[in-house]
Amino acid sequence: MFQELIAQMAREVEKLQFELNVTLPAEIRKAVELGDLKENSEYKAALERQQFVQARLGQLTQRVTKLANIDITQIPADKVGLGSKVVVTDEVTTQLETYELVFGDAGELHDGHVTMGSPIGRALQGKAVGDMCILKLPTKVRRLLIVELYTIHDRNAADLV
């Protein structure tokens, strides 16, 4: 799971570095040739994009470093943690809901993915099958019963088979 995420980020880093080192300097050069940099929208747009790319590269570097330092052996094998897929039932509606706890930011989330720092992620962490977790939301409090749990260890074992 982590290697896949690191590989995905490495591909993005490669694209951004090419843009930063090849594409953007060419765009800036063209814009400078147009003259009068005060009124040059192409020049301003290229500089803004350059700042964005530099910031994103810094962010990706930090995330790769954090991912590389995660020790999977420290993640519990029988409780909700990073990489866990959790099936819960709402006490009021009795509907089943599935969540996967991921390491990421909002831009990378897919259906059912929640980050460890989100309210639902914090409520689920450290819980086991049969545990009730209390999710405090601004408008109400939800009680969720954990009915199934697949930890990162279960999922890694399934990938090896």
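Every number here is computed from the coordinates shown, using simple stated rules; none is lab data. Keep in mind the model is a prediction, meaning the values are calculated, not measured. Please note: Cβ atoms are built from the backbone with ideal geometry, for glycine as well, and neighbour counts cover all protein chains shown.
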Taking the chain and counting helices only, DSSP H stretches of n ≥ 4 at -39,500 (n - 2.57) each over all residues, the nearest-500 ellipticity at 222 nm comes to -14000 deg cm²/dmol
Long-range HN-HN contacts of Thr115 with modeled amide H, under 5 Å:
Val102
Between (i) 42; (ii) 19; (iii) 33, which matches percent of Cα pairs over 28 Å apart calculated for the structure shown?
(i)
Could you give each residue of segment 58-74 its phi-based ³J(HN,Hα) in whole Hz, using Karplus coefficients 6.51, -1.76, 1.60 with θ = phi - 60°, and x for Gly or Pro?
x, 5, 5, 4, 4, 5, 5, 4, 4, 4, 5, 8, 6, 9, 4, 5, 8
Mind checking which of Pro25, Gly121, Thr89 is farthest towards the positive end of segment 1-128's charge dipole, using Cβ charges of +1 (Lys, Arg) and -1 (Asp, Glu) about the Cα centre?
Pro25
Partner aspartates and glutamates whose C-alpha sits under 18 Å from that of Lys44, ignoring same-chain residues fewer than 8 away, are Glu19, Glu27, Glu33, Asp36
What percent do you get for the relative contact order of segment 1-97 when only Cα pairs under 8 Å and 6+ apart count?
25
Considering only DSSP beta bridges whose two residues both sit in segment 34-156, what percent are antiparallel, to the nearest 5?
85
